[in-house]
Amino acid sequence: MKVLVAVKRVIDYNVKVRVKPDNSDVDLANVKMALNPFCEIAVEEAVRLKESGAASEVVVVSIGPKACQEQIRTALALGADRGIQIETEELPESLSVAKLLAKVVEAEQPGLVILGKQSIDADNNQTGQMLGALLNRPQGTFASEVKIDGDSVNVTREVDGGLQTLNLKLPAIVTTDLRLNEPRYAKLPDIMKAKRKPLDVKTPADLGVDLKNHTRLLKVSAPAERQAGIRVASVDELIDKLKNEAKVL
Amino acid sequence: MAILIIAEHDNSTLKSATLNTVTAASQMGEELHLLVAGEGCAAVAEAAAGVAGVSKVLLADNAAYGRQLAENLSLLVAELGKDYSHVVAPATTTGKNVMPRVAALLDVGQISDIIAVEAADTFERPIYAGNAIATVQSLDAIKVITVRGTAFDAAASTGGSASVDRVSPAHDAGTSAFVSEEMAKSDRPELTAASVVVSGGRGLGNGENFALLESLADKLGGAVGASRAAVDAGFVPNDMQVGQTGKIVAPDIYFAVGISGAIQHLAGMKDSKVIVAINKDEEAPIFQVADYSLVADLFEAVPELESKL
Ligand SMILES: Cc1cc2nc3c(=O)[nH]c(=O)nc-3n(C[C@H](O)[C@H](O)[C@H](O)COP(=O)(O)OP(=O)(O)OC[C@H]3O[C@@H](n4cnc5c(N)ncnc54)[C@H](O)[C@@H]3O)c2cc1C
């Protein structure tokens, strides 16, 4: 079984993003970029499936400008076998991403597609589910455990009340939650090896997908900043403030 | 055209997140229809009919929808949704699971997790873990939207008198099946709806120590939450995680105990009315957003606080 993993280049999760003074967008100039943490977990899961013998090949795909090849290389260093970049100038919206991925799935015929549940920039949490609908395949979103079982997969999902386990017929889509696994660190020899792994570049036109915008970004603003509060010296003072100043007790 | 709202429920009770979503939807248009899709969920439809502002309840009672499986539910919602201007659901794990499939089936985009309605086609939503707020306009004829519950007041659960219409389409994609679930049992209020939340982090040291926070929460009628570090370390179950990728809360008082205040955690609680932070490290970033900061060892401060309330 082939596993396809979709990965995205995003701002590093330790960086606090700033809004541009003209409110047109956030400012990503000279900001550290990285593999989206949920995508890293997706790559790790796919590599583990291969190591356990459940998967035969791990293919990673990323959509974006040339710079996203860096994240594809990171995934290759973590153990993926080959990469595909779909070159676009801007980052397309989720539905367009899902349409592009659907074309890759048609060509590659993976038994499982693993994606992060959300990217930490747009926080949309949409692409995997959209891909599932476009391909008419079942989905196990927010996964904390993935177990292949013959021609189906059992996925345990993190849901509001706790955990839910579903059985999905393969081929299927999985989106990762944080507790699915702890990604390994790439070792230097693996990073060197990754440079020689195959990486194909395609365009949306090659795949026959028209990128369409479904939304218009009108403005990006900074959130209301909380006023820094006060230090209380003791539990008694805290109780007094909560009762008499904040009046919440 | 009317607005279709997807009710959040467990086949027996209508969940409060639905009520916040009704309020958000009422700012997008006037005629509100509420879809109750499930199995043996007539009681939910009855409750839904009483929600103020709702003019029609659509009841789809079928085994295919009993577990809210996204594959089946999205086919139903997309079929019904064709005749609406908006299809709106709470941004719960169910809404997040189902709605993007609906959007793709309708060939439209989705606007996730909105916190304000500026116009029928224009919404505000947080991006980058809440470090920026985007104002986005939908260019689609049908707007598919999920709503952050804490950003909208709950609609009154009584006072309405909607009709209940049964809708028949049964869609069973036949590709997914429910196996099992492990739901946390708690007599405390639901985290996202509680007026007091007491959350603990890695500083608690282990799961047993969360009893300290539980007794404080019980005294205040509150819920208990946690940081990701506390969940990852196995102190408490995943459904207690507050943050960018966990639950979003906005109680009257939020106690952050032994939590450092990473941006991903702040994303889930910084809209709380009053934030109290208890941390032994006076440099902890949580103090930058706290209204009341107590630099102290939590193992002394929390029992003292609990005993004096
Ligand atoms: C993609 C991604 C998503 C994430 N999503 C979330 C999320 O949704 N929610 C979330 O919470 N995190 C999330 N995180 C993790 C986040 O970055 C932090 O690692 C996490 O919030 C830290 O948890 P903590 O504050 O409990 O632990 P720490 O940062 O280790 O802080 C523990 C604190 O306890 C204090 N302490 C220790 N002992 C005591 C004592 N005896 N008395 C008083 N204080 C004490 C310490 O001074 C310290 O400040 C995410 C991370 C990533 C990469």
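The values are calculated or read from the model by the stated rules, or taken from the named source; none is laboratory data. Since the model is a prediction, treat every value here as computed from it, not as a measurement. Positions of Cβ are generated from backbone atoms using ideal geometry, with glycine treated the same way; all protein chains shown enter the neighbour counts. Please note that ligands, DNA and RNA were not included when accessible areas were found on the heavy atoms of the full protein model with its side chains. Shrake-Rupley method; radii C 1.70, N 1.55, O 1.52, S 1.80 Å.
Before we move on, is B:ASP252 free of Cβ contacts under 8 Å to residues at least 60 places away in the same chain, under 23 Å from B:ASP153 (Cα atoms) and of a type outside the set (Ser, Thr, Tyr)? Before the answer, list the steps.
Values: free of Cβ contacts under 8 Å to residues at least 60 places away in the same chain: yes; under 23 Å from B:ASP153 (Cα atoms): yes; of a type outside the set (Ser, Thr, Tyr): yes.
Criteria met by B:ASP252.
From the list A:ASP236, A:ASP177, which one is over 24 Å from the mean Cα position of the chain (by Cα) and at the interface with chain B (Cβ under 9 Å from one of its Cβ atoms)?
On the way: A:ASP177 fails: over 24 Å from the mean Cα position of the chain (by Cα).
None of the other options fit; the residue is A:ASP236.
So A:VAL153 fits all but one of (1) open to solvent by less than 20 Å² (accessible area, probe 1.4 Å); (2) facing chain B (nearest Cβ under 8 Å); (3) in contact (Cβ under 8 Å) with a residue 24 or more places away in the chain; what number is the exception?
It fails just one condition, (2).
Filter the range B:255-309 down to the residues that are among the polar types (S, T, N, Q), at the interface with another protein chain (Cβ under 9 Å from one of its Cβ atoms) and either closer than 15 Å to B:GLN244 by Cβ or buried (at least 20 other Cβ atoms within 10 Å of the Cβ) (or both) and list them by number.
B:GLN264, B:SER293
Among A:GLU51, A:GLU93, A:GLU57, A:GLU89, which is the only one that is modelled with pLDDT under 95 and either farther than 14 Å from A:THR175 by Cβ or away from the ligand (no atom under 16 Å from the Cβ) (or both)? So that I can check it myself, show each step before the final result.
Working: A:GLU51 fails: modelled with pLDDT under 95; A:GLU93 fails: modelled with pLDDT under 95; A:GLU57 fails: modelled with pLDDT under 95.
Exactly one residue qualifies, and that residue is A:GLU89.
Do we have any residue at all in the range B:141-156 that's in contact (Cβ under 8 Å) with a residue 60 or more places away in the chain, among the aliphatic types (A, V, I, L, M), touching a strand residue (DSSP E or B) at 6+ places or on another chain (Cβ under 7 Å) and over 30 Å from A:LEU28 (Cβ atoms)?
Scanning the range B:141-156, I find at least one residue that is in contact (Cβ under 8 Å) with a residue 60 or more places away in the chain, among the aliphatic types (A, V, I, L, M), touching a strand residue (DSSP E or B) at 6+ places or on another chain (Cβ under 7 Å) and over 30 Å from A:LEU28 (Cβ atoms), so the answer is yes.
Select the strands (runs of 3 or more DSSP E) contained entirely in the range B:167-260, then report the ones holding at least 1 residues which are within 11 Å of the ligand (Cβ to nearest atom) and modelled with pLDDT of 95 or more. Spell out how you get there, then give the answer.
Values: elements: B:176-183, B:196-200, B:223-226, B:253-257.
Result: B:196-200, B:223-226, B:253-257.
Considering each residue of the range A:85-117, count those that are farther than 17 Å from B:THR93 by Cα and part of a loop (DSSP other than H, G, I, E, B), and give that number.
Step one: list which residues in the range A:85-117 are farther than 17 Å from B:THR93 by Cα, which gives A:85-114.
When the remaining residues are screened for being part of a loop (DSSP other than H, G, I, E, B), the result is A:88-93, A:109-111.
Of the residues in the range A:85-117, 9 are farther than 17 Å from B:THR93 by Cα and part of a loop (DSSP other than H, G, I, E, B).
Can you pull out the residues in the range B:110-136 that are over 28 Å from B:LEU266 (Cβ atoms) and either assigned to a strand (DSSP E or B) or open to solvent by less than 20 Å² (accessible area, probe 1.4 Å) (or both)?
B:ALA119
Quick one: B:SER180 ticks every box in (1) in contact with a Leu (Cβ under 9 Å, 6 or more places away or on another chain); (2) in contact (Cβ under 8 Å) with a residue 24 or more places away in the chain bar one, so which box is it?
All conditions are met except number (2).
Condition first: away from every other protein chain (no Cβ under 11 Å) and open to solvent by less than 10 Å² (accessible area, probe 1.4 Å). Now tell me which residues in the range B:228-254 satisfy that.
If the condition is that a residue be away from every other protein chain (no Cβ under 11 Å) and open to solvent by less than 10 Å² (accessible area, probe 1.4 Å), then B:ALA230, B:VAL242, B:VAL249 are the ones that fit.
Condition check ((1) of a type in the set (S, T, N, Q); (2) modelled with pLDDT of 95 or more; (3) surrounded by 14 or more Cβ atoms within 10 Å (Cβ to Cβ)) across all residues:
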| position | (1), (2), (3) |
| --- | --- |
| A:GLY162 | no, no, yes |
| A:ASN167 | yes, yes, yes |
| A:ALA172 | no, yes, yes |
| A:ASP190 | no, yes, yes |
| A:ALA205 | no, yes, no |
| A:LYS219 | no, yes, yes |
| A:GLY229 | no, no, yes |
| A:LEU238 | no, yes, yes |
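Could you please find all residues in the range A:199-220 being farther than 12 Å from A:PRO92 by Cα and in contact with an Asp or Glu (Cβ under 8 Å, 6 or more places away or on another chain)?
Those that are farther than 12 Å from A:PRO92 by Cα and in contact with an Asp or Glu (Cβ under 8 Å, 6 or more places away or on another chain): A:VAL201, A:LYS202, A:THR203, A:LEU217, A:VAL220.
B:ALA151 - would you say it is more than 9 Å from every other protein chain (Cβ to nearest Cβ) and in contact with a Ser or Thr (Cβ under 8 Å, 6 or more places away or on another chain)?
Values: more than 9 Å from every other protein chain (Cβ to nearest Cβ): yes; in contact with a Ser or Thr (Cβ under 8 Å, 6 or more places away or on another chain): no.
No; evaluated as a whole, the condition is false for this residue.
Being within 26 Å of A:SER24 (Cβ to Cβ) and facing another protein chain (nearest Cβ under 9 Å) is true for just one of B:ALA132, B:ALA116. Which residue is that?
Numbers: B:ALA116 fails: facing another protein chain (nearest Cβ under 9 Å).
Unique residue meeting the criteria: B:ALA132.
Could you list, in sequence order, all residues of the range A:24-60 that are within 23 Å of B:GLN264 (Cα to Cα), within 14 Å of another protein chain (Cβ to nearest Cβ) and surrounded by fewer than 18 Cβ atoms within 10 Å (Cβ to Cβ)?
If the condition is that a residue be within 23 Å of B:GLN264 (Cα to Cα), within 14 Å of another protein chain (Cβ to nearest Cβ) and surrounded by fewer than 18 Cβ atoms within 10 Å (Cβ to Cβ), then A:ASP25, A:ASP27, A:LEU28, A:VAL31, A:LYS32, A:MET33 are the ones that fit.
Out of the helices (runs of 4 or more DSSP H) lying entirely within the range A:118-234, which hold 2 or more residues that are among the polar types (S, T, N, Q) and in contact with a strand residue (DSSP E or B) (Cβ under 9 Å, 6 or more places away or on another chain)? First the steps, then the outcome.
On the way: elements: A:127-135, A:188-194, A:204-207.
Here the list reads A:127-135.
Among B:LEU76, B:LEU69, B:LEU59, which is in contact with a Lys or Arg (Cβ under 8 Å, 6 or more places away or on another chain) and either farther than 11 Å from B:LEU35 by Cα or assigned by TED's automatic domain parsing to the domain that holds B:GLU31 (or both)?
Details: B:LEU76 fails: in contact with a Lys or Arg (Cβ under 8 Å, 6 or more places away or on another chain); B:LEU69 fails: in contact with a Lys or Arg (Cβ under 8 Å, 6 or more places away or on another chain).
The conditions single out B:LEU59.
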